[in-house]
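Quick notes on the structure that follows.
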Amino acid sequence: MFRYLLFTAVIGLGCGLGGFSPTPVSAQRTSASGPPVRLRVGVAGAPPFVIYGDQDADPINGISLDVWRDIAISQGWESQYIPQKSVSEALKAVADGELDMLVGSISITPERVKLPDISFTQPYFGSSVGVMVLEEDSTLWQRVAPFFGITALSSAGVLTLLLFIVGNLVWLAERRQNPEQFDPSYSEGLQNGMWFALVTLTTVGYGDRSPKTKMGQLIASIWMIVALLSFSSITAGLASAFTAAISESAAQPTVQTPRDLKGKSVAVVTDTTAVSWADFYQADIRLASTLSAAMALLKQQQVDAVMFDRPVLVYYANQHPDQKLKVTEIRIALEPYGFVLPVDSPLEKRINVQLLNLVYSKKMALFIERWLGNSFTQANRR
Ligand code: GLU
């Protein structure tokens, strides 16, 4: 109920403000009732939030651009997109009055919010810093180890014990009346009995030895039924234990928790938020100028991991399925993304209302799904 009221209030506010004529950004380029406002919109960030086309004429796309276009259309604004080299340079351009607006995967951090000449919008996406490693091929021992695990060894032990018991029983029943097939001496006879039990268990049934006495046949019959029932469940149990052990051994990345980063060489992109996290977890930092440079270091095995915005890493791994890249489950901190405006921009309030309208509607989920796919579910969001 409260959510509904809040939602209605937000929508109502949005409609109310939308009814006003566009607010001027600067006296030269806009007028209150005249032609639509043309904004200088800086773009910074990484795919899938900001995706540049292959050619100059291609439009810029991505989640951030979907969000911005939706807002701009609702307000009747036109955009002149100005790609920026990096987030830090883009923030400077806003502060210097070169941009009316900055869109992209820009993390809202205390240090940035503190800057006097810029202002962040409300957040539109909850991101986090993630860690990417190379998927390791499991070693020969890792593949073979499950066969020597507790499950395999205990199953083999139980089976041997059963063969021993049945071997004894059959020998005891048969040794007098069937000495050709079950030797009266214990050592020979037990071997014959266990062999018979094994041949029966596996339903191979050579028929080289078979019980002749009533008691021997009764023991054999019970053993057949017990074997039939237990053998299949032992096989199934072993198979699932092996599968679990094999998949676990193959999926063990060298970095599994943030603490594992200590002392590892980690590539991070200069001036991104990941730098301070790599420092916090005492990684051996290798600075790269771009994300692709950081990825190159990882692929050449010059570093153990790359730290960057997790959704960006997930997108990169999806785009390069052949490169054996693995995004770990690590999600360091909550890092909200927002857009940036010059401080006291008259657009701020209207953008915030539209942005929150979007976040509270299903549209935002559609934008995310469009670029990150269905698999990037609620659980995987950040
Ligand atoms: N979200 C990060 C930041 O704001 C990385 C942005 C980027 O360079 O793509 O620092």
Considering every residue within region 281-289, establish whether at least one is modelled with pLDDT under 95, within 16 Å of the ligand (Cβ to nearest atom) and exposed (fewer than 14 other Cβ atoms within 10 Å of the Cβ). yes
Residue list for region 149-166, filter: surrounded by 12 or more Cβ atoms within 10 Å (Cβ to Cβ), of a type in the set (A, V, I, L, M, F, W, C) and closer than 15 Å to Phe242 by Cβ: Ala152, Ala156
Only one of Ala333, Ala267, Ala305 that is of a type in the set (Gly, Ala, Ser) and either in contact with a Cys (Cβ under 9 Å, 6 or more places away or on another chain) or within 13 Å of the ligand (Cβ to nearest atom) (or both): Ala333
Among the residues of region 55-77, the number that are small (Gly, Ala, Ser), out of contact with any Asp or Glu (no Cβ under 9 Å at 6 or more places or on another chain) and assigned to a helix (DSSP H, G or I) is 2
Would you please name the residue that is farthest from Ile368 (Cα to Cα), looking only at residues in region 305-317 that are crowded, with 23+ Cβ neighbours inside 10 Å and of a type outside the set (Val, Ile, Thr)? Ala305
Among all residue pairs at least 6 apart or on different chains, which show Cβ distances below 6 Å where the first residue, located in region 96-119, is within 23 Å of Trp371 (Cβ to Cβ) and the second is in a helix (DSSP H, G or I) and more than 12 Å from the ligand (Cβ to nearest atom)? Leu102/Val94; Val103/Trp68
Restricting to region 270-280, name every residue that is more than 10 Å from the ligand (Cβ to nearest atom) and either closer than 20 Å to Gln301 by Cα or of a type in the set (Asp, Glu) (or both). Ala278, Asp279
Going by the structure shown, is Ile71 farther than 26 Å from Lys362 by Cα and among the β-branched types (Val, Ile, Thr)? no
Show the residue pairs meeting these rules: Cβ distance below 7 Å; 6+ apart or different chains; first residue within region 257-273 and on the phi > 0 side of the Ramachandran plot; second residue in a strand (DSSP E or B) and more than 16 Å from the ligand (Cβ to nearest atom). Gly263/Asp284
Residue hits (region 318-367; in a helix (DSSP H, G or I) and surrounded by fewer than 16 Cβ atoms within 10 Å (Cβ to Cβ)) are Gln319, Pro321, Asp322, Gln323, Lys349, Tyr360, Lys362, Lys363, Ala365, Leu366
Suppose the filter is at pLDDT 95 or above, among the aliphatic types (A, V, I, L, M) and in contact with a strand residue (DSSP E or B) (Cβ under 8 Å, 6 or more places away or on another chain); does Leu313 pass it? yes
Take Leu159 and tell me if it is in contact with a Gly (Cβ under 9 Å, 6 or more places away or on another chain) and more than 29 Å from Gly373 (Cα to Cα). no
Scan region 55-77 residue by residue and report those that are within 16 Å of the ligand (Cβ to nearest atom) and surrounded by fewer than 22 Cβ atoms within 10 Å (Cβ to Cβ). Ile60, Asn61
Residue that is modelled with the lowest pLDDT, among those in region 247-280 that are over 19 Å from Leu334 (Cβ atoms) and β-branched (Val, Ile, Thr): Thr254
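Per-residue answers, yes or no, for (1) away from the ligand (no atom under 16 Å from the Cβ); (2) in contact with a Leu (Cβ under 9 Å, 6 or more places away or on another chain); (3) among the aromatic types (Phe, Trp, Tyr); (4) part of a strand (DSSP E or B):
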position: Gly53; (1), (2), (3), (4): yes, no, no, no
position: Ser79; (1), (2), (3), (4): yes, yes, no, yes
position: Ser88; (1), (2), (3), (4): no, no, no, no
position: Glu98; (1), (2), (3), (4): yes, no, no, no
position: Val103; (1), (2), (3), (4): no, yes, no, yes
position: Gly130; (1), (2), (3), (4): no, yes, no, yes
position: Trp141; (1), (2), (3), (4): yes, no, yes, no
position: Ala145; (1), (2), (3), (4): yes, no, no, no
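The values are calculated or read from the model by the stated rules, or taken from the named source; none is laboratory data. The model shown is predicted, which means the values in this text are computed figures rather than measured ones. Note that we place each Cβ from the backbone using ideal geometry, even for glycine, and neighbour counts take in every protein chain shown.
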